[in-house]
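Heads up, the thing below is written out as structure tokens.
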Amino acid sequence: MSPASAIPACAPRSPKVHTTLALTCLAALLLSGISNAAAQETPAIRANPDTVRTWNRFADGIYQLHLQHLRDTEVRTETRAGGYPEGSLGGPDFFHEVHYYDAATGRLLSRIQWETAQVQTIHSIQVYLHDDEGRVRVDYYAAYLPVFRNAPMNTLVNLHAYHGELRAFRQFDASGNRRYEQCRGRLEGESLWLDAEFFPMDESVVESDAYRRCFGMLQEQAGEHIDPLHHLRGTAQWPAIRPESAAELDQLISQYEHKRRITPLRGDLRVKAGDAWYLKGDDPQAIAHYDAALEIDPALYEAYFGRGMALTRLGRVEEGIESLDRFLAQAPSSTLGYVQRGLAHLALDRPEQAVADLRRALTLDPDNAEARAALQRLGQDG
């Protein structure tokens, strides 16, 4: 791959120049012409903490989708080198790009650019979900700058639709902003190309027959698709990543420690490190990471869940319940949160509180076997 073609593709492009798309790539293009020495003099980049949190969670969710592909499918890979122009940030050998294909069908499942110098660090990632006919129905994308890795510089979710010979997609960023849409193909024997980047659109265009045929099946908002993990809800687990051996767990902890040194203000990495230490059985270390995450970003409510689990396992059950209370105050639809708080109440011989939480869990998830079994142990109808 040539350095020019290695610049992350911010979105599918039409032959016309799109101002919005150009702006989304502007940071990467500018940095490609800045020397490493000059970059050290660049002033700090300010970012909205809510956007940083949302976009990092989005990128992490994409990687979880990729891991699910690897678990579910026999995969073959193709690898190529890539980078940026000589003398720019990153340089011409900045990453190697791996394409992951379904070995049976040849469908492209994922594409990841891994940094060459930091082999466990993602530069960009794109994951594709297909319909029963093998067509892409949703794809996710996130990309980082060679520096300033506190959050991705670009995030995209593309929703795809097909109507006869027409193929359309509508694009949003991880904050739910509608960014772009495009339709191309043939309609009644004539070539058709529609695209838009400014919203809301003119009503006469939206009500046209061509527009309706192109985009009529696509939802106006990203909706549930804004969360990549929506596609994994049926198999969701905590912690999200469970290594198969002690050696793999140690390697994962080492990865988190390495990433934390690069981006010390990413509280979400502290949460993941806490989860890993919890799996390792070191509850004090896990709690220390959860506390550090909340100090960096008090809105990282996931840390309260892990903290509650670790405190409970240490025998500090009352403190664990208090932490789970704070988690559920911000995640009131978490079945797992109610189950674990119910079990904690049960450990303190509080059957009424335990039954209330376990029944709430079953209301949210009638098939939750753990809640049902706990209720049966209490002599309740699960």
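A simple spin-label model places pseudo-atoms 7 Å from Cα toward Cβ; at residue 255 and residue 322 they are separated by 3.5 nm. (1) 2.09; (2) 1.11; (3) 1.58: which one is Cα Rg over 2.2 N^0.38 Å as calculated from this entry? Given (1) 2.09; (2) 1.11; (3) 1.58, the calculated one carries the label (2). Of the residues 79, 226, 116, the one whose Cα sits farthest toward the positive end of the charge dipole of the chain, with +1 on the Cβ of Lys and Arg and -1 on the Cβ of Asp and Glu, is 116.
The order of the peptides 285-294, 182-191 by mean Cβ neighbours within 10 Å, most packed first, is 285-294, 182-191. Distance between the C-alpha centres of the range 105-138 and the range 193-224: 27 Å, rounded to the whole angstrom.
For the range 117-254, the fraction of 1.4 Å probe accessible surface lying on carbon and sulfur atoms is 48 percent. For residue 116, the amide hydrogen comes within under 5 Å of the amide hydrogens of 95, 96, counting only partners 5 or more places away or on other chains and with H modelled in the peptide plane. Among the GluC sites (Glu not before Pro) in the range 97-159, those located in a DSSP loop and surrounded by at most 11 other Cβ atoms within 10 Å of their own Cβ are 133.
Computed from backbone phi with θ = phi - 60° and the Karplus coefficients 6.51, -1.76 and 1.60, the 3J(HN,Hα) list for the range 163-176 is 9, x, 8, 9, 10, 10, 9, 10, 10, 10, 9, 5, 8, x Hz; x is used for glycine and proline. Residues whose amide H comes within less than 5 Å of that of residue 165, counting only those at least five positions distant or on another chain, are 186 (H built at 1.01 Å from N in the peptide plane). Couplings 3J(HN,Hα) of the range 124-139, computed from phi: 8, 8, 9, 10, 10, 10, 10, 8, 5, 8, x, 8, 5, 10, 8, 9 Hz, in residue order, whole Hz [Karplus 6.51 cos²θ - 1.76 cosθ + 1.60, θ = phi - 60°; x for Gly and Pro]. For the range 273-331 versus the range 341-382, the spacing of their alpha-carbon centroids is 21 Å. Computed over protein heavy atoms with a 1.4 angstrom probe, the accessible surface ordering of 128, 180, largest first, is 128, 180. According to the Kirkwood relation over distinct C-alpha pairs, the hydrodynamic radius of the range 106-215 is 15.9 Å.
Using a 1.4 Å probe, what is the accessible area per residue for the chain, in Å²?
50
The values are calculated or read from the model by the stated rules, or taken from the named source; none is laboratory data. Being a predicted model, the structure only gives us computed values, none of them experimental. When we count neighbours, we look across all protein chains shown, and the Cβ atoms used for this are built from the backbone with ideal geometry, even at glycine. Surface accessibility is based on the protein's heavy atoms, side chains included, excluding ligands, DNA and RNA. Shrake-Rupley method; radii C 1.70, N 1.55, O 1.52, S 1.80 Å.
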